[in-house]
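First comes the structure, then the notes that go with it.
The values are calculated or read from the model by the stated rules, or taken from the named source; none is laboratory data. Since we're looking at a predicted model, the values are computed, not measured. We place every Cβ from the backbone using ideal geometry, glycine too, and count neighbours over all the protein chains shown.
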Amino acid sequence: MIDCLAHVCIAAKNLAASERFYCEALGLEKVFNFIREDAVIGFYLRVSDRTYIEVFAQQEVAAHAGHPIRHFCLAVADIDAVAAKLNAYGYPVGEKKLGADQSWQVWTTDPAGVRIEFHQYTERSSQFTGADCVLG
């Protein structure tokens with residue numbers, strides 16, 4: 001019934017800063033812009049073949065937003081490389097730790113304040129084994 005997560009929509013206080021974070025620091029591809037009255041009000045980013053992040057200027061989202069996104073998570077192959085690149089671009093990254101789901105994780109925050117979790121799965125990750133996560 002559900003094939004995949006299509007996109008997550010986030011509000012950006014500063015589109016240029018968000019584009020720098022997602023495209024330069026994280027290396028995502030901008031697929032297209034949203035334009036209204038000859039002004040760019042947002043853009044679409046490719047995460048994978050069919051998964052995207054939709055970014056709109058804050059004022060475009062504020063009227064429709066009922067609840068903010070708490071966070072979203074991106075799976076990565078090399079979590080240490082992602083953390084190093086983000087740090088090199090001046091975006092602080094939290095300490096790498098093994099989560100209750102047995103996946104490595106680090107966290108950062110985008111320029112608009114959206115929390116982002118990065119996962120590097122292991123052979124013991126609950127996402128693959130189905131084992132329950134026991135939280136402390």
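Looking at F32, F56, F43, F21, which is the one that is over 20 Å from Y89 (Cα atoms) and either modelled with pLDDT under 90 or not in a strand (DSSP E or B) (or both)?
One residue alone meets the criteria, F56.
Residue count for the range 93-124 satisfying the condition of being basic (K, R), within 20 Å of L26 (Cα to Cα) and not in a strand (DSSP E or B): 1.
When the residues of the range 111-122 are filtered to those that are over 14 Å from V76 (Cα atoms) and out of contact with any strand residue (DSSP E or B) (no Cβ under 6 Å at 6 or more places or on another chain), the one that is surrounded by the fewest Cβ atoms within 10 Å (Cβ to Cβ) is G113.
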